[in-house]
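Novice: Pasting a structure here, questions to come.
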Amino acid sequence: MRDEGAAFLLALQFLTRLPVASGRLYSEARMAASVRYYPLVGVLVGCVSAGALLAATAALPGVVGVLLAVAAGLLVTGAFHEDGLADTFDGIGGGHTRAQALKIMRDSRLGTYGTAAMAVALALKVAALAALPAALGAAALVAGHGLSRLSSVAALATSGYVRGEGAGKPVSRGASAASLAVALATGAVILAGWSFAAPPIALAWGCAGLALGHGAMRAFYEPKLGGYTGDTLGAVQQASEIGFYLGLAAWL
């Protein structure tokens with residue numbers, strides 16, 4: 001039980017900027033196991049964003065509330081996944097070879113491709129969420145953040161790590177059967193909870209959009225890289241989250 005608690009805290013520390021004292025809890029085995037809690041951490045981030053949305057829309061125009069909700073998510077995560085999206089686009093867009101792409105992705109400077117990708121990603125999030133009623137938008141934030149991190153787990157479980165070291169190294173061995181079971185169980189709970197927020201058909205549209213985002217992002221980087229990095233896992237999360245919101249907007 002202590003190992004599971006430590007793995008959750010390590011996942012929380014890795015994916016967010018919340019103060020977590022996990023120095024004595026770290027081990028390679030626990031860090032590898034932390035991947036099973038990525039969807040749960042996503043739910044927590046989504047709850048923060050959803051709370052900000054509902055609080056803001058009680059007194060402010062809808063689009064302002066959405067902007068504040070997205071900002072709350074960025075604050076909690078330190079724009080961790082958005083940074084991965086930007087680095088992925090910089091690397092794939094600017095690197096003619098696999099080696100060049102990986103080198104560019106490691107550069108801390110933000111390039112033209114990455115800047116454009118991040119701007120479009122944030123704009124799509126705000127536009128899609130602003131098209132939804134506040135209650136549905138809040139539910140979408142919780143489900144979207146959780147399921148999109150499950151999407152990242154699926155990417156690392158079905159591909160190989162292409163660096164010798166880096167942000168993705170702790171989970172470079174992929175996800176164990178136990179970790180996949182826990183992550184999928186969390187996803188199932190999210191899906192079951194949706195029935196209290198909106199019709200199942202809305203969820204079907206959202207999940208279709210999420211799957212398209214997942215597939216499109218992997219089709220973008222995998223031919224050149226031949227696998228994943230920590231940055232591309234962030235890119236998959238972002239594309240999946242945006243796809244979920246766009247699917248809901250299309251259904252509405």
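The values are calculated or read from the model by the stated rules, or taken from the named source; none is laboratory data. Here the structure is a predicted model, which means the values were calculated and not measured. Note: ideal-geometry Cβ built from the backbone for every residue, glycine included; neighbour counts use all protein chains shown. Heads up: the accessible areas ignore ligands, DNA and RNA and are worked out on the full protein's heavy atoms, side chains in. Shrake-Rupley method; radii C 1.70, N 1.55, O 1.52, S 1.80 Å.
Novice: Inside region 77-100, can you point out the residues that are open to solvent by less than 40 Å² (accessible area, probe 1.4 Å), over 15 Å from residue 225 (Cα atoms) and assigned to a helix (DSSP H, G or I)?
Specialist: 77, 81, 82, 86
Novice: Among the helices (runs of 4 or more DSSP H) contained in region 1-63, which hold 3 or more residues that are without any contact (Cβ under 8 Å) to a residue 40 or more places away in the chain?
Specialist: In region 1-63, the matching helices (runs of 4 or more DSSP H) lie at 2-15, 38-57.
Novice: Open to solvent by less than 60 Å² (accessible area, probe 1.4 Å), modelled with pLDDT of 95 or more and either touching a Ser or Thr at 6+ places or on another chain (Cβ under 6 Å) or not aromatic (Phe, Trp, Tyr) (or both): is that true of residue 233 in this structure?
Specialist: yes
Novice: Search region 30-76 for residues being hydroxyl-bearing (Ser, Thr, Tyr) and crowded, with 23+ Cβ neighbours inside 10 Å, and hand back the single one that is modelled with the lowest pLDDT. Steps first, answer last, please.
Specialist: Going through region 30-76, the residues hydroxyl-bearing (Ser, Thr, Tyr) turn out to be 34, 37-38, 49, 57.
Now restrict to residues that are crowded, with 23+ Cβ neighbours inside 10 Å: 34, 37-38, 49.
Details: 34: 94, 37: 97, 38: 98, 49: 98.
Out of the qualifying residues, it is 34.
Novice: Limited to region 171-219, what total is found for residues that are of a type in the set (Gly, Ala, Ser), assigned to a helix (DSSP H, G or I), farther than 18 Å from residue 35 by Cβ and open to solvent by less than 30 Å² (accessible area, probe 1.4 Å)? Step through it out loud before you land on a result.
Specialist: Step one: of region 171-219, the residues of a type in the set (Gly, Ala, Ser) are 172, 174-179, 181, 183, 185, 187-188, 192-193, 195, 197-198, 202, 204, 206, 208-209, 211, 213, 215-216, 219.
Subset that is assigned to a helix (DSSP H, G or I): 177-179, 181, 183, 185, 187-188, 192-193, 202, 204, 206, 208-209, 211, 213, 215-216, 219.
Remaining after also requiring farther than 18 Å from residue 35 by Cβ: 192-193, 202, 204, 206, 208-209, 211, 213, 215-216, 219.
Cutting the leftovers down to open to solvent by less than 30 Å² (accessible area, probe 1.4 Å) gives us 202, 206, 209, 213.
Of the residues in that region, 4 qualify.
Novice: Is it true that residue 162 is buried (at least 18 other Cβ atoms within 10 Å of the Cβ), over 17 Å from the mean Cα position of the chain (by Cα) and modelled with pLDDT under 95? Don't jump to the end; show me each part of the working.
Specialist: Values: buried (at least 18 other Cβ atoms within 10 Å of the Cβ): yes; over 17 Å from the mean Cα position of the chain (by Cα): yes; modelled with pLDDT under 95: yes.
In short, yes.
Novice: Condition first: assigned to a helix (DSSP H, G or I) and open to solvent by less than 10 Å² (accessible area, probe 1.4 Å). Now tell me which residues in region 220-230 satisfy that. Full working, then the answer.
Specialist: From region 220-230, those assigned to a helix (DSSP H, G or I) are 220-225, 230; that's our starting set.
Scanning region 220-230 gives 221, 225.
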